[in-house]
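Student: Got a structure for you, questions after.
Taken together, the values in this text are just the output of simple stated rules run on the coordinates, not laboratory data. What you are looking at is a predicted structure, and each value in this text was computed from that prediction instead of being measured. As a convention, Cβ positions derive from the backbone with ideal geometry for all residues, glycine included, and neighbour counts pool all protein chains shown.
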Amino acid sequence: MTSHVLQFTKLSDRDRKAVAPMPNLAEGDQLELRIRRQSGQLQTLSLPASALAPVEALLDHLLRGKRVAVLTEDQELSPTDASTILGISRPLVVLRMDRGDLPFRYVGKHRRAKLKDVLALKAKLDARQKSLDALAEDTEDLIVNHGL
């Protein structure tokens, strides 16, 4: 049985409609979470200003119906989880690990890569794809407009 670190969640349409939209936050605004315990007790948690942007982004994505997962940059991912983020197959992730493109370590006989390394590889792959797309567009232009 495999255990996946990536656990996506999303709000149902009913829940999204029941939640008021997040107000625009301005500099100096404070964010507090109000928790109502099962016992009926209320508890308020004040969040620091540095938590505003990530909480706002999380709520925005959830309210737009997107699936979200919360990860830390030093969190270790399996090749399967890394493949989900990279948008490539698990065997290609393992190949990237074996080539040295994606640093990893063994936990027992299982490979684990840090999220920050997976994201760095994703940025590199995305930049490469963007360059290839631009090259393909230039080639198409040469063929259509210049008969080459």
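Student: Ranked highest first by the average count of other Cβ atoms within 10 Å around their residues, in what order do 74-85, 25-36 fall? Could the numbers behind the result be given before it?
Tutor: Numbers: 74-85: 19.9, 25-36: 9.4.
With the highest mean Cβ count within 10 Å placed first, the list reads 74-85, 25-36.
Student: Turning to a different aspect of this structure: Alpha carbon centre of the range 1-73 versus the range 121-135: separation in Å?
Tutor: 32 Å
Student: Excluding same-chain residues fewer than 8 positions from LYS116, which lysines have a Cα within less than 19 Å of its Cα?
Tutor: Qualifying lysines at Cα under 19 Å: LYS124.
Student: Using a/c under 1.5 as the rounded threshold, could you call the chain rounded, prolate or oblate? The axes a ≥ b ≥ c are square roots of the C-alpha gyration tensor eigenvalues, and prolate needs a/b larger than b/c, oblate otherwise. If you can, show how the numbers build up before the last one.
Tutor: Values: a/c = 2.56, a/b = 1.51, b/c = 1.69.
Cα axes put the chain in the oblate bin.
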